[in-house]
Amino acid sequence: MDVIYLDFNATTPCDPRVVEAMLPFFSVGFANPASRQHGPGRAAFMALENARKTVAQSIGARSATEIIFTSGATESNNLALTGVANAPGTRGRHLITQATEHPAVLEVMAHLETQGWQLTVIGVDGDGRVDPKAVTEACRPDTVLISIMLANNETGVIQPIAEITEAAHSHGITVHCDAAQGPGKIPVDIGSLGVDLLSLSGHKCYGPKGSGALFIRRKTPPLKLQALQYGGGHEQGLRSGTVNLPAAVGLAAALQLAGDQLDRMTTDVGALRDAFEHSLVDLVPGVVINGAGAPRLPNTCNVAFPGVDGEALMTSLPDLAVSSGSACASVHPQASQVLLAMGLGKTLASGALRISLGRTSTTED
């Protein structure tokens, strides 16, 4: 029997149309976009800038110059957080985030604490949501940056980013959002969210692994970031190193397709997830759907089975590809920190599974 893949929040297959868009740049279009002294280099540069424009348009950015290509959301998060913290003239030493963030944010924040930064980690309610009032109350005169994810990778819970951003901006504070799980599942629109920095990942939305971007809002006065690496000054001096053109083209194609697939994800896949959850509740006594009282990604179900260990449950279901938490944390299995932050006991949190559907998921699955 073939394995039924239900772990699309961990990664997705590359859409064949994305692969098709990328292929020319591994062969005939292989030139370096920075080598604009000759025709092939100029053609590569044009392809790169067209990809940048497509990425900008896909999230409603005002200008393609607001997009920096990276290797994925983890790098984008690192560049955003450490870039703001280490920028010349930073006026304070206080950062704010929340308890259910991805390790790619929490670990960066923890590192900055070792560098003398003060960190406030805001708690969440029983459904995993942040109260914008709690963010406002945590703001201080020396707060430099707030980082809150758009949607949780384990529970799918969507945060009230627009309200948080409005509160932060009233205090003159920069806002970063890890939106890796958003594209193709919910609208990701810079105008509506209002954030200053936003991280994107290609492989979460049927693009290639190793592709990502960081949106940096153009504003007055300009938002300053310190680069993570130095060299030839690529990507506006923020990410030196020859740009991975096939990955940039693939990311752009994936994000464009993600927008086209959005209605199907929110209706068909959302209905499939809801029907699955209703069946679980009817068939399994005491089952808990985590985050069910909050707005969620339409494809994500996080379910806890009282008295059952999640790792043991997965082992007993070899024909199902599901997870017991973040893919990045599965190297060191333990009770989900996200669920513990939501108030679940360790035993119940240890018995939770994440089931995340994709475009190809069926009722038969």
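The numbers here are math on the coordinates, done by the rules we state, and not lab data. Quantities reported herein were computed from a predicted structural model and do not represent experimental measurements. Heads up, the Cβs are rebuilt from the backbone with ideal geometry, glycines too, and the neighbour counts pull from every protein chain shown.
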Worksheet entry | Exposure proxy order (Cβ contacts within 10 Å, fewest to most) of Tyr5, Tyr206 | Tyr5, Tyr206
Worksheet, complete the sentence: Low-density loop trypsin sites (Lys or Arg not before Pro), region 39-111, at most 12 other Cβ within 10 Å, DSSP non-H/G/I/E/B, are Arg62, Arg91
Worksheet item: Which of the GluC sites (Glu not before Pro) across region 273-364 are loop residues per DSSP, with 15 or fewer other Cβ within 10 Å?
Response: Glu364
Worksheet item: Which entries of Lys133/Lys219; Lys209/Lys346; Lys133/Lys346 show an alpha-carbon separation above 30 angstrom in the structure shown?
Response: Lys209/Lys346
Discussion item. Order these by the 10 Å Cβ neighbour count, fewest first: Glu101, Glu163.
Written reply: Glu163, Glu101
Worksheet item: Whole-Å semi-axes of region 134-184's equivalent ellipsoid, largest first, each the root of 5 times a Cα gyration tensor eigenvalue?
Response: 22, 10, 9
Worksheet entry | Residues Asp142, Asp178 arranged by fewest to most Cβ contacts within 10 Å | Asp142, Asp178
Worksheet item: Taking the simple approach of a point 7 Å from Cα along Cα-to-Cβ for both Ser63 and Ser27, what is their distance in nm?
Response: 3.8
Worksheet item: Using the alpha-carbon centroid of each, what span in Å lies between region 100-175 and region 27-50?
Response: 39
Response to the item:
Quick calc, region 16-259, dipole around Cα centre from Cβ unit charges on Lys, Arg (+) and Asp, Glu (-), nearest 20 debye, gives 900
Discussion item. Let's test this: bin the Cα-Cα distances of region 16-259 at 5 Å from zero up to the farthest pair and state each bin's percent.
Written reply: 1, 7, 14, 19, 19, 16, 11, 7, 4, 2, 1, 0
Response to the item:
Note, region 46-60: 3J(HN,Hα) by Karplus (6.51, -1.76, 1.60, θ = phi - 60°), whole Hz, Gly/Pro = x, goes 5, 5, 5, 6, 5, 5, 4, 5, 5, 4, 4, 5, 5, 10, x
Practice prompt. Putting +1 on Lys and Arg Cβ atoms and -1 on Asp and Glu Cβ atoms, find which of Gly156, Pro13, Pro40 reaches farthest to the positive end of the dipole of the chain.
Written response: Pro40
Worksheet item: In region 160-267, with Lys and Arg counted as +1 and Asp and Glu as -1 at Cβ, which of these residues, Ile216, His203, Tyr230, has the Cα nearest the positive end of the dipole, that is, farthest along it?
Response: Tyr230
Response to the item:
Once both label points are put 7 Å beyond Cα along the C-beta direction, the Gln37-Ala87 separation in nm becomes 3.5
Item to complete: Note down the Stokes-Einstein diffusion coefficient of region 22-74 in µm²/s, whole number, using a Kirkwood radius over alpha carbon pairs, 25 °C, and 0.890 mPa s.
Response: 204
